[in-house]
Amino acid sequence: MVFSFKIFILSLAFVCHNNVGYTSYSEQNNVNEYNKIYVVKHRWHSGIILNRSETKELLPALGIDFSNSQYIEIGWGDKDFYMAEKGTLSLAFKAVLWPTESVIHVAEISSHQLEKYSEGEIIQLELTEDNFAKLMMYFNSSFYLDDNHNNIKYGRGLYGNSQFYLSNEQYHLFKTCNVWVAKALKNANISINPFFAFTSKNVMRQLRKTNKKSVPVD
């Protein structure tokens with residue numbers, strides 16, 4: 001019984017850890033049009049991919065970082081567990097049993113390699129201009145800014161050209177990285193219920209119900 005509870009706690013924390021393993025998908029899906037975003041499933045974790053050129057004016061919290069990137073992926077999670085080289089049970093317990101500091105992870109995604117984790121999938125969503133702006137507002141509000149309105153860099157990210165930033169939100173049992181992604185999408189008027197979005201699998205399942213542009217991985 002105790003062992004099962006430990007596995008449950010560890011699995012909740014691992015939804016925001018750095019299990020990396022990329023597989024690319026067909027270039028025909030590299031759509032480069034305004035207001036199109038991609039929700040990607042990385043095993044336990046989910047993130048949102050954006051066309052960076054369309055976010056420069058709408059995402060001031062990111063500053064000029066990644067200004068030369070075609071696409072960026074944004075994710076969020078518990079600071080210590082997300083940034084750890086290897087997740088441990090003690091870090092997992094700390095992450096989910098009480099509110100902890102969190103970080104935002106931003107990674108460059110090339111225009112020729114919109115990629116995802118090998119066990120994942122990606123769903124394309126089309127937003128109105130107003131809803132796209134609301135999504136950017138959600139991201140802006142998640143960054144911790146200093147007195148000069150600059151973001152706080154916390155170290156190199158998980159892969160390639162990537163970066164961790166301090167967030168002003170707290171991670172806890174009822175607010176995992178997948179719940180954060182679901183809240184971002186709901187803020188952009190996407191039909192999704194964050195209350196049920198504890199896992200990346202549930203995020204994608206909810207999105208598939210209302211969106212048919214899902215790209216599975218072979």
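The values are calculated or read from the model by the stated rules, or taken from the named source; none is laboratory data. Just so you know, these numbers come straight off a predicted model, no measurement behind them. Positions of Cβ are generated from backbone atoms using ideal geometry, with glycine treated the same way; all protein chains shown enter the neighbour counts.
So is Tyr171 part of a strand (DSSP E or B), surrounded by 20 or more Cβ atoms within 10 Å (Cβ to Cβ) and at negative phi or not?
Considered against the rule, which asks whether it is part of a strand (DSSP E or B), surrounded by 20 or more Cβ atoms within 10 Å (Cβ to Cβ) and at negative phi, Tyr171 comes out as yes.
Only residues that are among the hydroxyl-bearing types (Ser, Thr, Tyr) and surrounded by fewer than 20 Cβ atoms within 10 Å (Cβ to Cβ): list them for the range 39-54, please.
Passing the criteria: only Ser53.
Look at Ile64 and say whether it is at pLDDT 90 or above and within 19 Å of Asn202 (Cα to Cα).
So Ile64 does not fit the description; no.
Provide a single number: the residues in the range 145-168 that are assigned to a loop (DSSP other than H, G, I, E, B) and surrounded by 19 or more Cβ atoms within 10 Å (Cβ to Cβ).
1
Considering only the range 185-199, state which residues are surrounded by 24 or more Cβ atoms within 10 Å (Cβ to Cβ) and part of a helix (DSSP H, G or I).
Across the range 185-199, the qualifying residue is only Leu185.
Given the criterion at pLDDT below 95 and among the aliphatic types (A, V, I, L, M), identify the matching residue among Leu166, Leu114, Leu135, Leu145.
Leu114
Could you please find all residues in the range 41-65 being outside any loop (DSSP other than H, G, I, E, B) and of a type in the set (D, E, K, R)?
Answer for the range 41-65, where residues must be outside any loop (DSSP other than H, G, I, E, B) and of a type in the set (D, E, K, R): Lys41, Arg52, Glu54.
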